[in-house]
Amino acid sequence: MDQDAYGARVGLLATQALLLSGDDVRIEVDVAPGAWLDVVETTGTVAYGGDTPSSWTIDATVGDEAVLTWAGKPFVVSDGITTHRDTRIRLHGTGRALMQEKIVLGRAGQTGGNLTTSLNARDDTGPVQVEHLDLSRQARGMPGVLGSLRSMDTVTALGWSPEPPGEPEAGTTGPGETYFRLDRAGAVLRWIGIGRFRDRLCDPAFAAWCEEAMRGHRYQAQRATRHLSHAEAAGRRSVSTPTSFPSSSPTSPVGLPSSSMCPAPEGSASASAGSTRTTASSSCPGAPVPATGTTTTPAPSAASAHPAGSAHQ
């Protein structure tokens, strides 16, 4: 979808209907040190009803000085299904991750099936955030949980602790808003409402936090680009040309022939129904570091993954 010498914006596309009963979708993301990767979900996902549980797993690794941003579209839980969403994030060094997750319980005229979600985020020191939410029909009907509310929007920043844009009073953008800083580097903004997403809180917050996360990365990229330009200029000055012959300039930095430049990154990744693994990676030796998105599909398996969280909220 978009790219530069240090990263790419990758579109996540479904080639078939998903999430069907029995589907086990796993998305693996690896952002190399110094790179950036923006994952765009082009459409929402529906967990369709059925007898066999389904699951959706995101497994991401973010290298030192790298940035991962992921704005999720609505994940709709139909009646008659038991499904699980699992997100695992590993940060290295000063890596940052920004994730947005939108949950809708039930399609039009429905109340929704059984949903559990888990988030396990760690860095080089240890856990940053560990959360397990039980949003099964029985649990969310208990006093003080969700009641008749059907929508939940969560923006999670990991690796730094941004402040929300503005300070809305409780209940002004929906029945409930919550912002809290993590004990380690991180922050969570959560909105709960009725029906469709009409909040004026999480989407602007994600856009502002995304800009903040990328600001330092852009500065580092500009410094690297200036350093590369100086190297190119020095290479041109070091080229000696005979008198009366037109001068020529090298087409690549000194010591880095054209054949050794990193390949251009791909711009899309796809996921299909059934047991599917989608990989979006960002890796390239040397500098600059581009990002690529690729997709591989292993042998089919109807197994459902239901990892348990180490903390309950």
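The values are calculated or read from the model by the stated rules, or taken from the named source; none is laboratory data. These numbers come from a predicted model, not from an experiment. We place every Cβ from the backbone using ideal geometry, glycine too, and count neighbours over all the protein chains shown. Side chains are part of the model used for accessible areas, which takes the heavy atoms of the whole protein and leaves out ligands, DNA and RNA. Shrake-Rupley method; radii C 1.70, N 1.55, O 1.52, S 1.80 Å.
From the list Asp124, Asp153, the one residue that fits, being acidic (Asp, Glu) and open to solvent by 50 Å² or more (accessible area, probe 1.4 Å), is Asp124.
For the stretch 16-41, filtering for residues that are in a loop (DSSP other than H, G, I, E, B), open to solvent by 40 Å² or more (accessible area, probe 1.4 Å) and under 21 Å from Ala66 (Cβ atoms) leaves 1. Within the stretch 44-58, the only residue that satisfies the criterion of being surrounded by fewer than 17 Cβ atoms within 10 Å (Cβ to Cβ) and touching a strand residue (DSSP E or B) at 6+ places or on another chain (Cβ under 6 Å) is Gly44.
Just one of (1) in contact (Cβ under 8 Å) with a residue 60 or more places away in the chain; (2) open to solvent by 20 Å² or more (accessible area, probe 1.4 Å); (3) more than 17 Å from Arg150 (Cα to Cα) fails for Pro74. It is (3). Check the stretch 53-66 and report whether any residue there is over 23 Å from Gly7 (Cβ atoms) and modelled with pLDDT under 95. No, the stretch 53-66 has no match at all.
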